[in-house]
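The next block holds one structure in the form of structure tokens; read it before the comments.
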Amino acid sequence: MWSSSRFDNLRAYVKRGEAGQLCSLVSRLRAMDFRQVSTMMRSADFWEEADEDAFWHFAATFVRSDRKAFLGTFLRAMEDRHHQCPMAFQGDAFADFASACSTPTDRKKASEAIFPLAGHPDVLTRLIRQFDYHRSEHVLLVNLLFHLPTDAARFLFFQALKQHEDNTAFLYRYAVELIRRGDHRSLNLASVMQRYFMLPPLPGAFALEVPNYEFSRLEDFEAFTKILAR
């Protein structure tokens, strides 16, 4: 086991902002020590001396060095850190980290961890661009948004569906999938879709009633969220 003094020695690199030096040191460790240090680095406590920009600078440096060894480590640390103090996911250092996730597998792994933490559609839209999902076929982007369990994603999902408003079968399939989920917001979104896109009758009954005059409010994120929460 690593002693507290050796742990503090590693954290001193973080305090000094020496990402390259720490990466070189950790990469040279023997297998058993490497596993122990990787476990330490997954904790937000290891990075308490680093602000968010510094954290992403370390993350980009390590991921570029060996993405298979370090991407998961930093995503775990990010989740732990975000729960203690929400992260903004912005700035040059974060953009550099997103660029370091250079393969489709890297981007998928990073997006699955980061996108659910985006609380506002503007943030999620920016993240989608930074991880190059805006270049994907639009149907793939719709599917990505559909599988994110956040209000920000539901809002962007609904807006994205408007590009397919002439494809009733496509819209109907997603509405049915929302009903199968069975949670309150999913059922309300299915009800909104049925009325807004004039879909054929959907299986089941809905408690939500949205008057026609409220349809324009669906363009506003806060109003959209309040309607789904009724």
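The values are calculated or read from the model by the stated rules, or taken from the named source; none is laboratory data. Nothing here was measured: the structure is a model prediction, and the numbers come from that model. All Cβ positions, even for glycine, are placed from backbone atoms using ideal geometry, and neighbour counts span all protein chains on display.
For region 48-83, taking the residues that are part of a helix (DSSP H, G or I) and among the acidic types (Asp, Glu), the one that is farthest from ILE128 (Cα to Cα) is identified as ASP80. Looking only at region 190-209, decide whether some residue is within 24 Å of the chain's Cα centre (by Cα) and closer than 27 Å to TYR133 by Cα. Looking through region 190-209, at least one residue is within 24 Å of the chain's Cα centre (by Cα) and closer than 27 Å to TYR133 by Cα.
Residues of region 76-94 that are without any contact (Cβ under 8 Å) to a residue 40 or more places away in the chain and surrounded by fewer than 19 Cβ atoms within 10 Å (Cβ to Cβ): ARG76, GLU79, ASP80, HIS82, HIS83, CYS85, PRO86, MET87, ALA88, GLN90, GLY91, ASP92.
Would you check if LEU178 is under 13 Å from the mean Cα position of the chain (by Cα), of a type in the set (A, V, I, L, M, F, W, C), assigned to a helix (DSSP H, G or I) and not assigned by TED's automatic domain parsing to the domain that holds TRP56? If you could, list the steps in order and put the result at the bottom.
On the way: under 13 Å from the mean Cα position of the chain (by Cα): no; of a type in the set (A, V, I, L, M, F, W, C): yes; assigned to a helix (DSSP H, G or I): yes; not assigned by TED's automatic domain parsing to the domain that holds TRP56: yes.
It is false that LEU178 is under 13 Å from the mean Cα position of the chain (by Cα), of a type in the set (A, V, I, L, M, F, W, C), assigned to a helix (DSSP H, G or I) and not assigned by TED's automatic domain parsing to the domain that holds TRP56.
Would you mention how many residues in region 172-194 are surrounded by fewer than 16 Cβ atoms within 10 Å (Cβ to Cβ) and closer than 16 Å to PHE224 by Cβ? Total meeting the criteria: 1.
Among the residues of region 84-98, those that are at pLDDT 95 or above and either over 30 Å from GLU222 (Cα atoms) or assigned to a helix (DSSP H, G or I) (or both) comprise ASP92, ALA93, PHE94, ALA95, ASP96, PHE97, ALA98. The single condition from (1) in a loop (DSSP other than H, G, I, E, B); (2) among the charged types (D, E, K, R); (3) crowded, with 20+ Cβ neighbours inside 10 Å that ARG154 fails is (1).
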